[in-house]
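The values are calculated or read from the model by the stated rules, or taken from the named source; none is laboratory data. All of these numbers come straight from a predicted model, not from anything done at the bench. All Cβ positions, even for glycine, are placed from backbone atoms using ideal geometry, and neighbour counts span all protein chains on display. The accessibility values were calculated without ligands, DNA or RNA, using every heavy atom of the protein model including side chains. Shrake-Rupley method; radii C 1.70, N 1.55, O 1.52, S 1.80 Å.
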Amino acid sequence: MPDRWYRVLVGAAAAYLALVPSNALTFWRSTFFAAAALAAIAVGVRAFRAGNLGPAPGRVLVAAFAGWSLWSCASVAWSADPTQTISALRGDLSWSVVTFAICYVATAARPEGYRGLVGALLAGLAFWSALAAGLAFSPVGWDPRLVHWAPGVYTTWLATVVSFALVLLWPPPAGLRTSSRALAAAAFVFVLAMATAWLADARVVWIAFLASLAAGAACAFGAGAQLRAVPVGIMAAVISLFAILFADVAVKKADRYYPAGMSVAETVAADPRPEIWRGALAYAAERPLTGHGFGLQILADRMRVVSKDPLVTHPHNLFLGQLVQTGAIGLALFALTIGALGFRYWRLVRSGDLVLARLGALGLMTLTGFVVRNLTDDFFLRANAKLLFAVQGVLLGAAALRQRTLVGKP
């Protein structure tokens, strides 16, 4: 394949991934996305003809995702708001699939793609976290809505990408460590991410971090001691830190958003989500099999009346949102897709190859972080949807390349 097209692909995709968590620089983000998509077509066609994109990530995963996607598209026919469904299919599903394809082609075709795209994710993590921390301690202050759409969007991004700090502890090809300074870089990125997560006042993000860490520990246990990147003592300290910060954020949130004198337990009991979920389940029961049509905001007007907060426009749960949108059939296909993806990563962890095991562990950790973060909200749309698809494309593409290398096919 021409080196020029591949350089455009990796360069544009890397720039896009670095910018994707921000609502600023939209012109440049869209320009990089378009350039990466065009280059991915040129590179992908040549790589496919040469047999340099496989093996496929698994029949069940491909079939489940195709089924969920087709069912979501078909929901236009019975959607409560066809215009909203078409808009969501374009912005949340179609462009996310294109993002996956871009990242998969970049990392499956050559090893440089993985280094470039993972480096971009880490650079974005360092830059946006440093910017948030700097603004927070400046007279201007940090408002996530001005840079990242909303605090929840920002913390979902953090929960999805923070696990990539591990690659700074691993040597190539699964890692980026080339010197002893990589440990300091990993610690720097991790501290910045934790500091800005604390500033965002989101309780569930700490549970997502813990769940992601638990997934990584399960992978280390499943693959053996050779996968362990962090000593047990440091891991225990990190778990303790997460617990302390979770408690601190819960207290801060109670003091800031609830009447004086309410305990943390009382604020949790007063949380509007159970009321929101009951209302969403009632709406889902109206169309239990087919749902009301794809799109997070498909019942926005009706969701506003299920709680005392008029700003509530969706079910605030990833899986409940799928049930409302695409019914039991769509939810089953979506859950099967998530399960098949997790199983694919677990098979990589258990493959016996250290590089594949590391890629599988990263996949399980990022997937776990995203899913758990969205159990009390739903940011499976726009930038965060593209991010999730991009991460899976990066890891599954790199795994395909590694598998070809192991069987002696370049």
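Below is a table of values for the structure above.
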{"quantity": "Placed amide H near His292: partners under 5 Å, 5+ positions off or other chain", "calculated": "Gln325, Thr326, Gly327"}
{"quantity": "Whole-Hz couplings from phi, Karplus 6.51/-1.76/1.60, listed for segment 304-313; x for Gly and Pro", "calculated": "5, 9, 7, 9, 7, 9, x, 7, 6, 10"}
{"quantity": "Potential lengthening between Thr405 and Arg304 on full extension [0.36 nm per residue; Cα-Cα distance subtracted]", "calculated": "31.0 nm"}
{"quantity": "222 nm mean residue ellipticity, helices alone, for the chain (DSSP H n ≥ 4; -39,500 (n - 2.57); rounded to 500)", "calculated": "-23500 deg cm²/dmol"}
{"quantity": "Spacing of the two label points (7 Å from each Cα toward its C-beta) at Phe343 and Arg7, in nm", "calculated": "4.4"}
{"quantity": "Spacing of the two label points (7 Å from each Cα toward its C-beta) at Asp248 and Arg181, in nm", "calculated": "2.9"}
{"quantity": "Per residue accessible area of the chain, 1.4 Å probe, in Å²", "calculated": "43"}
{"quantity": "Spatial separation of Cα centroids for segment 23-77 and segment 389-409, in angstrom", "calculated": "15"}
{"quantity": "Phi to ³J(HN,Hα) by Karplus 6.51 cos²θ - 1.76 cosθ + 1.60 over segment 36-50, Hz, x for Gly, Pro", "calculated": "5, 5, 5, 5, 5, 5, 4, 6, x, 4, 5, 5, 5, 4, 8"}
{"quantity": "Alpha-carbon centroid distance for the pair segment 84-107 / segment 129-178, whole angstrom", "calculated": "23"}
{"quantity": "Pairwise label distance in nanometres, Leu25 with Leu146, each label 7 Å out on the Cα-Cβ vector", "calculated": "1.8"}
{"quantity": "Matching label, Rg and Dmax of the Cα atoms in Å computed from the structure shown, candidates (i) 21.4, 76; (ii) 31.0, 98; (iii) 21.1, 68", "calculated": "(iii)"}
{"quantity": "For Leu169, distant residues with modelled amide H under 5 Å away", "calculated": "Leu176"}
{"quantity": "Residue with peak Gaussian network fluctuation, the chain [Cα springs, cutoff 10 Å], from Cys219, Cys103, Cys73", "calculated": "Cys73"}
{"quantity": "Under 5 Å, built H, 5+ apart or other chain: amide partners of His316", "calculated": "Asp378"}
{"quantity": "Under the Karplus curve 6.51 cos²θ - 1.76 cosθ + 1.60, θ = phi - 60°, whole-Hz ³J(HN,Hα) for segment 343-360, x wherever Gly or Pro sits", "calculated": "5, 4, 5, 5, 5, 5, 4, 8, 6, x, 9, 5, 5, 4, 4, 5, 5, x"}
{"quantity": "Accessible-area composition of segment 1-105, carbon plus sulfur, in percent [1.4 Å probe]", "calculated": "70"}
